[in-house]
Every structure is written in C-alpha cells, then in structure tokens.
Amino acid sequence: MNAIERWNRLEVRSGEWRLCLAANRWGTRRAITRFFGLISRAGDGVFWYALMGALALFGGSRGAQAALHMAVVGVVALALYRSLKKHTRRPRPFRAHQGIVAHVPPLDEFSFPSGHTLHAVSFSLVAIAYFPVLALLLVPFTALVAASRVVLGLHFPSDVLAAGLIGSALAGFSLWLIPGVTLFG
C-alpha cells in the first residue's frame, strides 16, 4: 500500500475528510473565499516580515532581539516542515477527495503539516513572549490563518492541529534557550 492509499484510508476511517469538506463548502461563498484568501496570503510571510521589521525598527533592543529570534525560528520551522512534507507525502484534500476544491493555488505539493500554521504559531508565541500586548492581535490572526488553510481546501484539520503542536514545541524550545524571555513571566 502506498502513502496516498494509507492517508486516504486514515481519512475515511476518521471521518476527517467530512469536516474538511464542510469547511471547504462554507468557503465557496465569494466573501468568505476572499477574506480567507487574504488572510492566507498575509500568512505567506507578508504579515510576519512586516511584524519583524516593525519590532526591529520601533521596539528598541528588545524588539531587535525579538525580530532576530523570530527569523531564526522561521528558518528552523521552514526546514522542519519541508522535511516532514517530503517524508509524509500526504496529498492535499482537493487532490485526495472529490468535492473538495482548492480556492487558491497551493505553494507546494503536499499537505502535512501546514507550514502557514506552523510559522504562525511559532512566530506568534515568540513575539508574545517579548511583547505580551501583541497577543490581542496575534492570537486571532493565527487562528484565522489556521482556519483559512482548511476552508480554502489546502489542508486537513489534522495538518493544522499537528502544525500548531509542532510550532508550539519549536517556539517553547527556542524560548527555553533564551534567558529572561518567557511566555509565563
């Protein structure tokens, strides 16, 4: 049995594809597709690069440290998620299940894990550790980025959930390495 057959068997048994299909159908409304498309596009990096730049320019030495920390975490997250995608080779929902439509073109071929979500979670947790007030902006934005990936037909919910866990672990480990910076301080 090849990797695609194993993933399809898991999705059918778990019923996850039904949740994915329901979210994807909800996203067929033009305003919903446009909204989540914009959120997803911002999550491609535009929002995060702007945040890093703003922190570096206006956040003093702590902001510069936060921006550098986020950049390093971003590089590690990129290598991690690319490696996982290469080894798991999970097909995207719109390729694996009839009726699920990709409302925007994917950035790469495979689904697991969601790189957008992994980056959003890790970047948000690092930024919030340095500037807790950013949680008011970053928590809702991160949740919308994660939701956008399912609504747009690009990821299964488990891709997003796993990416959130991996992003949390990556951010937590990186924060553990930096003295004086913590989420719980």
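The values are calculated or read from the model by the stated rules, or taken from the named source; none is laboratory data. Please read these numbers as outputs of a predicted model, since none were measured by experiment. Glycine gets a Cβ as well: all are built from the backbone with ideal geometry, and neighbour counts include every protein chain shown. We work out accessible area using only protein heavy atoms, side chains counted, and drop any ligands, DNA or RNA first. Shrake-Rupley method; radii C 1.70, N 1.55, O 1.52, S 1.80 Å.
Below, the figures for the structure above:
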quantity: Listed residue (Pro157, Thr117, Ala129) projecting farthest to the positive dipole end of the chain, Cβ model; calculated: Pro157
quantity: Accessible surface of the chain, 1.4 Å probe, proportion on carbon and sulfur as whole %; calculated: 68
quantity: Listed values [x] 62, 40, 33; [y] 47, 36, 31; [z] 51, 38, 25, entry calculated as Cα extents along the principal axes in Å; calculated: [z]
quantity: Heavy-atom surface of the chain, accessible at 1.4 Å and reported per residue (Å²); calculated: 52
quantity: Rounded to the nearest 20 debye, dipole of the chain from Cβ charges on Lys, Arg, Asp, Glu; calculated: 500
